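J.: After the structure tokens below, expect a handful of questions from me.
Every number here is computed from the coordinates shown, using simple stated rules; none is lab data. Everything numeric in this text was worked out from a predicted model, so none of it was measured. Heads up, the Cβs are rebuilt from the backbone with ideal geometry, glycines too, and the neighbour counts pull from every protein chain shown.
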Amino acid sequence: MLLSAIGGKAQSKVTGAKQPYSAYLFTYFTGDKGGEAIRFALSSDGYNFKALNNNQPVINPANTSSTGGVRDPHIMRGADGRTFFMVATDMNTEKYGWGPDSAMVLLKSTDLVHWQSHVVNVSKTFKEFAEINRVWAPQTIYDPSINKYMIYWSMRFGTGADKIYYAYANKDFSGLETVPKQLFFKPDGGSCIDGDIVLKDGRYYLFFKTEDKGKGIKIAVSDQLTQGYMMIDKYVQQTKSWVEGASVFKLNTGPDYILMYDRYTEGKYQFTRSHDFENFEVVDDLVSMDFHPRHGTVMPITTREAAALTRQWPK
């Protein structure tokens with residue numbers, strides 16, 4: 001998420017004044033069959049969330065994806081403070097099972113209500129990746145060094161290990177303008193998926209789920225966005241349950257961040273809080289949701305933006 005680059009405030013299109021963040025938008029999907037569509041929820045404190053639109057989709061995947069389903073939505077605010085970008089896995093397990101999946105969906109909006117969308121099929125766009133069978137959990141981050149948006153995701157060839165790749169989006173966020181490059185792979189050769197990069201104190205923290213050789217969430221850290229990630233060999237989830245879909249967001253007040261993830265074998269979500277990305281405290285007793293999310297992301301928003309979302313999709 002681009003938090004520090006926009007100074008914790010959003011630019012108002014109407015007045016030009018800086019609007020402080022006062023709420024949170026949770027973007028998520030709900031399950032394997034019938035739940036593979038983007039849904040929204042709102043919170044005023046980052047702990048208690050209420051679904052919009054009666055927990056029904058806010059974007060029809062039949063109109064935006066090649067499979068008729070999407071998973072793992074990630075949302076972020078652009079560097080201008082008033083443009084929003086969303087990416088998701090183009091995947092429909094009800095129709096096609098667990099793959100192969102070679103596409104992602106790119107969406108762009110200026111009001112969080114109306115979205116332009118484009119499908120990017122990596123295997124068809126880049127001949128080097130014609131044999132891939134997974135394009136999973138894409139996310140976007142702004143690269144200030146070249147003023148472009150970088151999309152990163154997990155990708156797999158055959159039965160090999162999933163590795164995290166990246167490429168830069170084109171100017172109108174309708175496709176990829178660079179050939180994907182490898183961003184990170186697990187040193188022991190195991191798979192890594194569900195990457196989430198957070199810029200904190202000048203360093204990039206890559207949260208990811210390990211597969212195969214040990215399962216859980218670990219962090220790799222670098223001073224550079226596109227290279228140099230060194231894994232900290234420590235699981236950071238605060239449960240013995242299997243987890244996935246790790247996502248981090250900063251609270252609007254104070255220095256703390258929330259690391260949340262799906263305890264997918266139990267049908268539960270867990271929230272933890274940290275200020276240093278070394279120690280994580282479980283805060284589940286503070287959390288309430290009137291829905292069950294699967295692999296989603298949370299973005300701070302303004303009072304005006306929250307009101308517009310509520311008018312469009314009442315709680």
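J.: Name the GluC sites (Glu not before Pro) in segment 90-151 that are in a loop by DSSP and that have at most 14 other C-beta atoms within 10 Å, would you?
T.: Values: sites: Glu94, Glu128, Glu131; in loops: Glu131.
The qualifying sites are Glu131.
J.: So what is the 222 nm mean residue ellipticity for the chain from helices alone, if each DSSP H run of at least 4 adds -39500 (n - 2.57) and you divide by all residues, rounding to the nearest 500 deg cm²/dmol?
T.: Numbers: 4 runs with 22 residues, N = 315.
After summing the helix terms and dividing by the residues of the chain, the value is -1500 deg cm²/dmol.
J.: Please identify every one of the GluC sites (Glu not before Pro) in segment 260-294 that sits in a loop by DSSP and has no more than 13 other beta carbons within 10 Å of its own beta carbon.
T.: Counting only loop positions with at most 13 other Cβ atoms within 10 Å, the GluC sites (Glu not before Pro) in segment 260-294 are Glu266, Glu278.
J.: Another one. Could you please rank Met86, Met91, Met150, placing first whichever residue has the fewest other Cβ atoms within 10 Å of its Cβ?
T.: Arranged by neighbour count, lowest to highest, Met86, Met91, Met150 become Met150, Met86, Met91.
J.: Follow-up. Starting with the fewest neighbours, write out Trp98, Trp153, Trp136 ranked by other beta-carbon atoms found within 10 Å of each beta-carbon.
T.: Least to most surrounded, the residues fall as Trp98, Trp136, Trp153.
J.: Using alpha carbons only, what's the Rg to Rh ratio of the chain with Rh from Kirkwood?
T.: Rg/Rh for the chain comes to 0.93.
J.: A further question on this structure: Given H placed on each backbone N at 1.01 Å, which residues far from Thr302 in sequence or on other chains put an amide H within less than 5 Å of it?
T.: Under 5 Å from the amide H of Thr302 lie the amide H atoms of Ser22, each far enough along the sequence or on another chain.
J.: Same structure again: Output ³J(HN,Hα) for segment 124-135: one whole-Hz value per residue in order, computed from phi by the Karplus curve 6.51 cos²θ - 1.76 cosθ + 1.60 with θ = phi - 60°, and x for Gly and Pro.
T.: Running phi through 6.51 cos²θ - 1.76 cosθ + 1.60 with θ = phi - 60° gives 8, 7, 10, 4, 5, 10, 5, 9, 6, 10, 9, 10 Hz.
J.: For a quick protection proxy, order the peptides 301-308, 108-115, 69-76 by their average other-Cβ count within 10 Å, most packed first.
T.: Packing order, densest peptide first, comes out as 69-76, 301-308, 108-115.
J.: Further question on the same structure: By its C-alpha gyration tensor, with a ≥ b ≥ c as the square roots of the eigenvalues, how is segment 167-210 shaped: rounded for a/c under 1.5, else prolate for a/b larger than b/c, else oblate?
T.: Because a/c hits 1.5 or more and a/b fails to exceed b/c, segment 167-210 counts as oblate.
J.: Okay, next question. Would you tally the net charge around Leu286, using a Cβ to Cβ cut-off of less than 10 Å, leaving Leu286 out, and scoring K and R as +1, D and E as -1?
T.: -2
J.: I'd like the distance separating the alpha-carbon centroids of segment 47-96 and segment 226-266, in whole Å.
T.: Centre-to-centre (Cα) distance: 21 Å.
J.: A follow-up question, please. Just tell me which aspartates and glutamates come within less than 17 Å, Cα to Cα, of Lys250; anything on the same chain fewer than 8 places away is out.
T.: The qualifying aspartates and glutamates are Asp45, Asp196, Asp201, Asp276, Glu278, Glu281, Asp284.
J.: What are the ³J(HN,Hα) couplings of segment 297-312, residue after residue, when phi is run through the Karplus curve with 6.51, -1.76, 1.60 and θ = phi - 60°? Round to Hz, x for glycine and proline.
T.: 9, 10, 10, x, 9, 8, 4, 5, 5, 5, 5, 5, 5, 5, 5, 6
J.: I need the per residue convex hull volume for segment 128-209, using only the alpha carbons, in cubic angstrom as a whole number.
T.: So the per-residue hull volume is 100 Å³.
J.: Which net charge results for the neighbourhood of Leu52, defined as the other residues with beta-carbon distances under 10 angstrom from its beta-carbon, given Lys and Arg at +1 and Asp and Glu at -1?
T.: So the environment of Leu52 carries a net charge of +3.
J.: Hey, another quick one. If you rank Ile258, Ile59 by fewest surrounding Cβ atoms within 10 Å, what's the result? Intermediate results must be reported in sequence, preceding the final value.
T.: Details: Ile258 20, Ile59 24.
Lowest count first: Ile258, Ile59.
J.: Here is a further query. Using a simple charge model, +1 on the beta-carbon of Lys and Arg, -1 on the beta-carbon of Asp and Glu, nothing else, what dipole does segment 63-216 show about its Cα centre, in debye to the nearest 20? Write down the numbers at each step before the final one.
T.: Numbers: 19 positive and 18 negative charges, 29 e Å.
Using only the charged Cβ atoms, the result is roughly 140 debye.
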